[in-house]
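Asker: If you scroll down you'll find the structure; I have some questions about it.
The values are calculated or read from the model by the stated rules, or taken from the named source; none is laboratory data. For clarity, every value in this text was computed on a predicted model and none was experimentally measured. Neighbour counts are summed over all protein chains in view; Cβ atoms, including those assigned to glycine, are modelled from backbone coordinates with ideal geometry.
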Amino acid sequence: MSSTAISGDLREKVRQIVLDVLEIDTAELTEESSFIDDFGADSLLVIEMFARFERQLGIRIPKDEMTDLPDLPAAYAIAEKYSEPSHV
Amino acid sequence: MTAVLELDGTRPATAVADITGCGVLSAAGPGLAALRGTGWRSPLPRTASDEPDWPPLAVAPVAGFDPAETLGSRGIARLSRSEQLAMAACLAALDATREGPGADRTGIVLGTSMGSARAVLDLLRDTFQQARPYLVNPSGFPSTMMVSAAGRAAIRTGLTGVNATVSGGPVAGLHAVRYAAQALRNGHADRMLAGAVEELSPEAAWAWHHGNALAADTPLAEGCAVFTLDAPGTAAGRRLGRILACETAFTADGPAAVSALLARTVRTALARAGVTAADVTTVVPGARGRRGWAAVEERALRAVFGAGAPPCLEIAGTVGEAHAAGAALQLAAALANPGPDGGLALLTSVGTDGSAGCLVVDLPASPGEVP
Amino acid sequence: MSEPAVRRVAVTGLGAVSGFGTGKDALVAGIKAGRSGIGPIEQFDAAGFDHTLAGEVRGFEPAAHLRRPGRWGRSGWFAATAAREAVSDSGLGPGSLAAARTASSFGTTNGESQVLERLAEQVVGQGTDAVSPELAGRTDAGRIAAAVAAELGLTGETMTFGTACAAANYAIGYAFDLVRTGEADYALCGGADAANRATHAGFHRLGALARDVPRPFDKDRDGIVTAEGGVALLLEPLDDALARGARVYAEVLGYGMTCDARHMTNPDAASIAECIRIAQRQAGIKPEEVDYVCAHGTGTRANEAAEVAAVREVFGARVPPISSVKSVLGHTMGAAAGFGALISCVALDEGFLPPNATLREPDPELGPDLDCVPGVAREARVRVAQNHGFAFGGNNAVTLFGKVAA
């Protein structure tokens, strides 16, 4: 499997987790959406997203990184960063 | 009836609080109306035979309650059953009450046993089964704390006054009323929403089943009843009842001592209410749904009333054995059944740990439409 | 109801079970010296956790302190043991308490959490139907105040508060009202919680656990350390205490409570400030009369930011010395505000400021001129101490204690 395919699969999983936690429909969520301003994500929901990344993607995110999660690109970036082989 | 009980008269020296509204969710259905009379309303208790995790035990969930409809669907899955019931009952109690003190002078006190058993056990299950023990659901963590039902009810209602959670098995509702009465008396709040909540869980049901702890024909139940309590004589408008006394006590010396203590507690409460046993028109016993404990309570009532016991309002068949919500549902049942001329109801409650408590409430004649 | 006849209320007995061992003297000595009561987790299997330190009570033998320890869980043990010590410390015979109307009022965050943990193990290991009714019967948090009453032979009112990490202040406040208005002759009050897997996992998941020790008010503070313990205060009417020549640690001056009604976990500075104002008003104390603030001071960035903002709002330019005993004890949850109350009473009695032992460099973001009493206890005349407790659910409770002139 190519790295692009892995990345695409991962992104879809990340996106689904975000949709589930924020309880929104897929059409509502764009790359430009702000989790906080557009969907009212509070600190607890942000932690829940990180927690689901760890549980459902089998990755490990350092505590210091689990502070801000403003939008989808940030979510993709952190999931990809810690899904790299060196972090598995 | 003595002058001190005159509902429209001046404030009796002995009253504790006026009940000016309530929100009730029980196996009999929503509101006080569902609690009128005795015997089953809708629906019949379901038995666990239809659900794999449950014991072969009659179980009676709250009827006629759609959490998503009442509370909105967003975030509802993150709430424990106790939180849902408490939020809905607090909202209903406020809705049913005329405007009064501001949000900062209105508090909430809820009685519970240990909060949401299911929330705690779900979190613990994750700590044992996930790849790493801390991979629990963070949004589920607040719900594992006893404080969460009252805390969420405050967020939902916007009430910023005193917010307390008290624990104590079947007596929990009386602890909550006592706390509320003291808060009013000592100026910590001008209005209190006071009540108690219990949720069903398969784990608890198995414990009741294995312990053979339910009386015959009594389903295991859940529920929540919350009452708007105002300092006596301070609120305008309709009054569902006036609490004249609420007393609790404790003994570690076993069932016989609990009987004696309950009798003593009832006598104290009647004296503080300024009434006698002969003034009591209805008794609402709390332990009828629990095997063995009904006799303990019965012995105390015989000691107080002798042969002249007033009629009992039996609620075990109406709302089931709702454990920590028990005393609050007893109070709801009393308010729902005042009789045409009103009267004086005595609620009694005993816990397996040695707690005993009672409440004396004066009921107005024909309150008309009840919420 | 007629206006309550007001009696002044004294604290005449103290008891504690903590990371420093059993007994209030060990606790007070440990706090004053700035020693740490924190060590490796022993109360549950910490394998797999990234954070494995806790403020646990080590080597506790319930049978050495209690008549029927088998009836109670670990939280009940701590509450009852601390209460027994408080009675003994007061010089009142246990018989006189049993004969009077003595209330038992205790706070907890998680109740009998270790009992629940054992239940969960049964269910996970053997299925839902494996629940033991005997264990399930011991999960009720109300058994904490009951354990105190049972062990001391009391038949008065019992009240267990589940108001999380502010619970002991609720319990002390309620007991104060009971004694003040004559609803009770005496009251034992405080709080208790046991170290447990669920609480540790929950705070771990929230990212709220410190790397090593809690450093309240420090620029590098990074969280709490979970802890356990039990604490008890004996309250009685001040006049009675003086008449019998009792040692009066302090007078309970009053207390206040508010609820943020905003968020389950984020503290709210405005609501905390209002809570402090209410407590001071109820106690008849002006801000400038407060000599010491025993902070909630958990060691999280969010708590101290909100707490200091609230304190500054109330006290203005002159903020009293402020410190947190959680720096050495960790966060004892439902007992925490009780430990704050206990050390405040001893500070009033002996004349010192409890230290914020783990402070290295005060957080500049908390503003200038903040005296957090770093290191060890400092001698000082303390006439009024203010004790903070804030909880999940947005529940705040502040108690005030005053020195009684000899």
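Asker: Among the numbered criteria (1) buried (at least 24 other Cβ atoms within 10 Å of the Cβ); (2) facing another protein chain (nearest Cβ under 7 Å); (3) in contact with an Asp or Glu (Cβ under 8 Å, 6 or more places away or on another chain); (4) on the phi < 0 side of the Ramachandran plot, which one does B:Gln182 miss?
Answerer: (1)
Asker: Can you find, within the stretch B:136-179, the residue that is farthest from the chain's Cα centre (by Cα) among those that are more than 7 Å from chain C (Cβ to nearest Cβ) and closer than 30 Å to C:Thr52 by Cβ?
Answerer: Filtering first and then ranking leaves B:Asn137.
Asker: Collect the residues in the stretch B:201-233 that are more than 11 Å from chain C (Cβ to nearest Cβ) and either more than 19 Å from B:Arg288 (Cβ to Cβ) or within 14 Å of the chain's Cα centre (by Cα) (or both), keeping them in residue-number order.
Answerer: Step one: filter the stretch B:201-233 for residues more than 11 Å from chain C (Cβ to nearest Cβ), giving B:214-230.
Hits for the stretch B:201-233 are B:Ala221, B:Glu222, B:Gly223, B:Cys224, B:Ala225, B:Val226, B:Phe227, B:Thr228, B:Leu229, B:Asp230.
Asker: Something else now. Which of the numbered conditions does C:Leu366 fail, given that it passes all the others? Conditions: (1) at negative phi; (2) touching a strand residue (DSSP E or B) at 6+ places or on another chain (Cβ under 6 Å).
Answerer: Only one criterion is unmet by C:Leu366, namely (2).
Asker: Select from the stretch C:161-177 the residues that are facing chain B (nearest Cβ under 7 Å), in contact (Cβ under 8 Å) with a residue 24 or more places away in the chain and closer than 21 Å to C:Gly402 by Cα and list them in ascending order. Before the answer, list the steps.
Answerer: Going residue by residue through the stretch C:161-177, those that are facing chain B (nearest Cβ under 7 Å) are C:161-164, C:170, C:174, C:177.
With in contact (Cβ under 8 Å) with a residue 24 or more places away in the chain added as a condition, the list becomes C:161-164, C:170, C:174.
Hits for the stretch C:161-177 are C:Tyr170, C:Tyr174.
Asker: For the stretch C:178-198, which residues satisfy the criterion of being more than 26 Å from C:Thr102 (Cβ to Cβ) and more than 8 Å from chain B (Cβ to nearest Cβ)?
Answerer: C:Ala195, C:Asn196
Asker: Return only the number of the condition from (1) modelled with pLDDT of 95 or more; (2) surrounded by fewer than 21 Cβ atoms within 10 Å (Cβ to Cβ); (3) more than 22 Å from B:Gln182 (Cβ to Cβ); (4) not polar (S, T, N, Q) that C:Arg262 does not satisfy.
Answerer: Here C:Arg262 meets the rest and fails (1).
Yes/no matrix, rows are residues, columns are (1) facing chain C (nearest Cβ under 9 Å); (2) buried (at least 20 other Cβ atoms within 10 Å of the Cβ):
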| site | (1), (2) |
| --- | --- |
| B:Glu69 | no, no |
| B:Gly75 | no, no |
| B:Thr97 | no, yes |
| B:Gly102 | no, no |
| B:Thr106 | no, yes |
| B:Ala117 | yes, yes |
| B:Leu124 | yes, yes |
| B:Ala131 | yes, no |
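Asker: Which number in (1) assigned to a helix (DSSP H, G or I); (2) over 10 Å from the mean Cα position of the chain (by Cα); (3) among the β-branched types (Val, Ile, Thr); (4) closer than 14 Å to A:Ala79 by Cβ marks the one condition that A:Ile36 misses?
Answerer: Against the list (1) assigned to a helix (DSSP H, G or I); (2) over 10 Å from the mean Cα position of the chain (by Cα); (3) among the β-branched types (Val, Ile, Thr); (4) closer than 14 Å to A:Ala79 by Cβ, A:Ile36 comes up short only on (4).
Asker: Continuing with this model, one more query. What's the total number of residues in the stretch C:244-281 that are over 20 Å from C:Phe392 (Cα atoms) and assigned to a strand (DSSP E or B)?
Answerer: 5
Asker: Would a scan of the stretch C:193-201 turn up a residue that is in the same structural domain as C:Arg71 (by TED's automatic domain parsing) and closer than 22 Å to C:Leu235 by Cβ?
Answerer: Looking through the stretch C:193-201, at least one residue is in the same structural domain as C:Arg71 (by TED's automatic domain parsing) and closer than 22 Å to C:Leu235 by Cβ.
Asker: While we're on this one: If a residue counts only when it is aliphatic (A, V, I, L, M), which helices (runs of 4 or more DSSP H) contained entirely in the stretch C:122-181 have at least 3 such residues? Walk me through how you get there before you give the answer.
Answerer: Details: elements: C:133-136, C:143-152, C:167-180.
Those helices (runs of 4 or more DSSP H) span C:143-152, C:167-180.
Asker: Of all strands (runs of 3 or more DSSP E) completely enclosed by the stretch B:175-265, which ones contain at least 1 residues that are within 24 Å of B:Ser143 (Cβ to Cβ)?
Answerer: Numbers: elements: B:191-198, B:223-230, B:241-250.
In the stretch B:175-265, B:191-198, B:223-230 are the strands (runs of 3 or more DSSP E) which contain 1 or more residues that are within 24 Å of B:Ser143 (Cβ to Cβ).
Asker: All but one of (1) of a type outside the set (Lys, Arg); (2) in contact with a helix residue (DSSP H, G or I) (Cβ under 6 Å, 6 or more places away or on another chain); (3) within 27 Å of C:Gly21 (Cα to Cα) hold for C:Thr128, so report the exception by its number.
Answerer: With respect to (1) of a type outside the set (Lys, Arg); (2) in contact with a helix residue (DSSP H, G or I) (Cβ under 6 Å, 6 or more places away or on another chain); (3) within 27 Å of C:Gly21 (Cα to Cα), C:Thr128 is out only on (3).
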